[in-house]
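No value in this document is a laboratory result; all are computed from the given coordinates. Nothing here was measured: the structure is a model prediction, and the numbers come from that model. Positions of Cβ are generated from backbone atoms using ideal geometry, with glycine treated the same way; all protein chains shown enter the neighbour counts.
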Amino acid sequence: MRIQTPLARARHLGSAMEGPEHWWMQRMTSLMLIPLTLWFVASMWWLVVDGGFTYEALRDWLSGPISAVLMLLFVGATFYHLKLGMQVIAEDYIIGKVARWTFIIMITLGCLTGAVATLYAVVAVALGG
Amino acid sequence: MALRDRPLSPHLQIYRPQLTSVLSIIHRLCGVFLASGAMMLCFWLVTAAAGPEYYAWSEWFLTSWVGYALLLAWSFSLFYHMCNGIRHMFWDIGVGFSIKSIYVSGVFMVLAAFGLTGLSWGLGLYFYFTR
C-alpha cells in the first residue's frame, strides 16, 4: 500500500505552481538582457577604440563602476536565462526520466558554477584584486 | 494506469518546413549555441581576473581564425535570439498574432538579425581601422 499522497508525488515535478515562476523569470531575464546585450556590444566597440582586447584595456574598462555593475547584471541574467532555456529543451526533448533529470541537474549546477565564477571574476577585476 | 500504444500527434518530420517552424527551431539552436558563448564569456573574464599570463590564453584563442569565426557566429546568434525574443514578448502581450503579421515579423526579424550583425562588425572594423 502506498502511504504517500498523490500531492506529495506531484510536488517538484512541474505542476506545483512552479511553471508560472519559470515562465515569468524567463521573460524578466529576457527583458533585462535586451538593453544589457546592446550595452555589451557597444562596450566591445569601446574596447576596440580604446586599444583592443588587451589585458590592460579590458581591466581598465571593467574596473569602472558602471561597466562592472552592468557586467554583473549581464552575467547574472545570462546564466539564469540559460538555465531556464536549457531546462525547457531538456523537458521537451529528453524522454527518459533519469536522463532528463541528470541533464537538468547538470545544467542547474553548471550555470550556478559559471555564474559564480564569472561574477567573482568581475568583482575581482573591479576591486583590483 | 497501463501503458498502451495511444495515437500520437504528428511529429516534426511529418510536416513540410514552414517559415514559422524553421524560425522557431533556429531560435532554440541559437540559444543552445549561445550556451558555449556564455562559457567563453566566463573563461574570458576569469582569465582577466587571474592575471596576464592566463589572459594570454583568451587573447590567443579569440584572435585566432577559429576564435573570429566563433565570435561572428555568436554575435549573429545573439542578435537572432534577441530579435526573436522581442517578437515572442509581443506575442506574450497578445500583439501580432495573426498569420500575416507572424510572417511579416518573421521576415523582419531575420533581416534585423543580419542587419545588426553586419552593423556591429562593420562599426567594429571601422573603429579598428580609424582609431
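Some values worked out for this structure:
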quantity: Listed residue (B:F79, B:L23, B:S58) projecting farthest to the positive dipole end of chain B, Cβ model; calculated: B:L23
quantity: The protein assembly as shown: projected area of the alpha-carbon convex hull, averaged over directions, in nm²; calculated: 18.6 nm²
quantity: At least 27 Å along the helix axis (C-alpha) and Kyte average at least 0.0, DSSP helices within chain B; calculated: B:19-50, B:65-92, B:99-130
quantity: Sorted by Cβ neighbour density within 10 Å, fewest at the top, the residues B:S105, B:S9; calculated: B:S9, B:S105
quantity: Share of pairwise Cα separations in chain A, more than 21 Å, in percent; calculated: 54 percent
quantity: Helix runs (DSSP H) in chain A reaching 27 Å along axis by Cα, Kyte-Doolittle at least 0.5; calculated: A:19-49, A:65-93, A:97-126
quantity: Residue-averaged [θ]222 nm for chain A, counting only DSSP H segments that reach four residues, each worth -39500 (n - 2.57); calculated: -27500 deg cm²/dmol
quantity: For chain B: Kirkwood Rh in Å [reciprocal of mean 1/r, alpha carbons]; calculated: 17.9 Å
